[in-house]
């Protein structure tokens, strides 16, 4: 077995890549939420100055990447690889945004887990010495997602209590082989988990078993428990899915709750904003990570963090055909830089 492979599905990186910088661009509703002051750019009307919602999302993605490159003092030409994704058919937000970058491009689709998928693939690429820097950028938009997955906004469809609100936003990170951290040390790519949930307005329930499966594998493969991490953050389970995840671990005799939260719960105020069970979408975990979690790691708020974006891998066609919703979750273990030496963790 490879020296970098732990157990069934976890990778221990021999040369942990560093996160050079991260940035985000979000919509008006996200800017009014609890993390509003954490975001780099908040658009006033969610159009990002564009005539269609699809162009709006594409522009948000371009803006997030441009801001990240600016923070890192880089140009796009200094990226060896670009990993990008979104929720739309054929990943058009990402491929259209990448037209201007003129970099080797990987278009990804992992539904709301795409940011985690991109970080996993970028980190493995750099750890394998296939380049010095890689960019990861993803996006989602409430209006494009509603049009594709549910009903046109003009329809005014009543949303169920278990539904989540697709985040309008984009997030980008630049990874590099060398740097002062934070570092990506361990990766646990997820497996498809499907427990037969067919309600597309209850994605938290569809994704929670996948999060449980990936987290369980990570703990078993690494020998770590929840107590090892100062914070464990899933991507888009929201209030209902997060409760289900904690219940699944409770049945194993594990109390996840002291260390656990979810990006879908952090980005909105459920009491003040009409989002029902919380946020979702590729942009949810990406905006929360780049705006809140990454600065917290740098500031020493957390030393070890387990970031686990989740995704519901359904489509309108399969939903109409009565198919169940496959779930996925990718786990990325991050370590803050050592304050004294700045050395990379082993």
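The values are calculated or read from the model by the stated rules, or taken from the named source; none is laboratory data. This structure is a prediction, so every number in the text was calculated from the model and none was measured. In this analysis, Cβ positions are derived from the backbone assuming ideal geometry, glycine residues included, and neighbour counts consider all displayed protein chains.
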Can you work out which of the residues in the stretch 218-254 that are modelled with pLDDT of 95 or more, closer than 19 Å to residue 113 by Cα and touching a strand residue (DSSP E or B) at 6+ places or on another chain (Cβ under 6 Å) is surrounded by the most Cβ atoms within 10 Å (Cβ to Cβ)? 234
Pairs, please: C-beta under 9 Å, at least 6 apart or cross-chain, first residue assigned by TED's automatic domain parsing to the domain that holds residue 331 and in the stretch 212-224, second surrounded by fewer than 16 Cβ atoms within 10 Å (Cβ to Cβ) and part of a helix (DSSP H, G or I)? 219/228; 222/228
Somewhere in the stretch 247-264, is a residue farther than 26 Å from residue 301 by Cα, in contact (Cβ under 8 Å) with a residue 40 or more places away in the chain and touching a helix residue (DSSP H, G or I) at 6+ places or on another chain (Cβ under 6 Å)? yes
Is there a residue in the stretch 74-88 that is farther than 26 Å from residue 182 by Cβ and under 20 Å from the mean Cα position of the chain (by Cα)? yes
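Has the stretch 101-120 got any residue that is touching a strand residue (DSSP E or B) at 6+ places or on another chain (Cβ under 7 Å), in a strand (DSSP E or B) and over 25 Å from residue 207 (Cα atoms)?
Filtering the stretch 101-120 for residues touching a strand residue (DSSP E or B) at 6+ places or on another chain (Cβ under 7 Å) gives 101, 103-120.
Now restrict to residues that are in a strand (DSSP E or B): 105-108, 110, 112.
Then keep just the ones that are over 25 Å from residue 207 (Cα atoms); that gives 105.
Looking for residues that are touching a strand residue (DSSP E or B) at 6+ places or on another chain (Cβ under 7 Å), in a strand (DSSP E or B) and over 25 Å from residue 207 (Cα atoms), one finds at least one in the stretch 101-120, hence yes.
Which of the residues spanning the stretch 7-61 are in a strand (DSSP E or B) and either without any contact (Cβ under 8 Å) to a residue 60 or more places away in the chain or in the same structural domain as residue 222 (by TED's automatic domain parsing) (or both)?
Let us first name the residues in the stretch 7-61 that are in a strand (DSSP E or B), namely 10-12, 18-26, 41-42.
Matches in the stretch 7-61: 41, 42.
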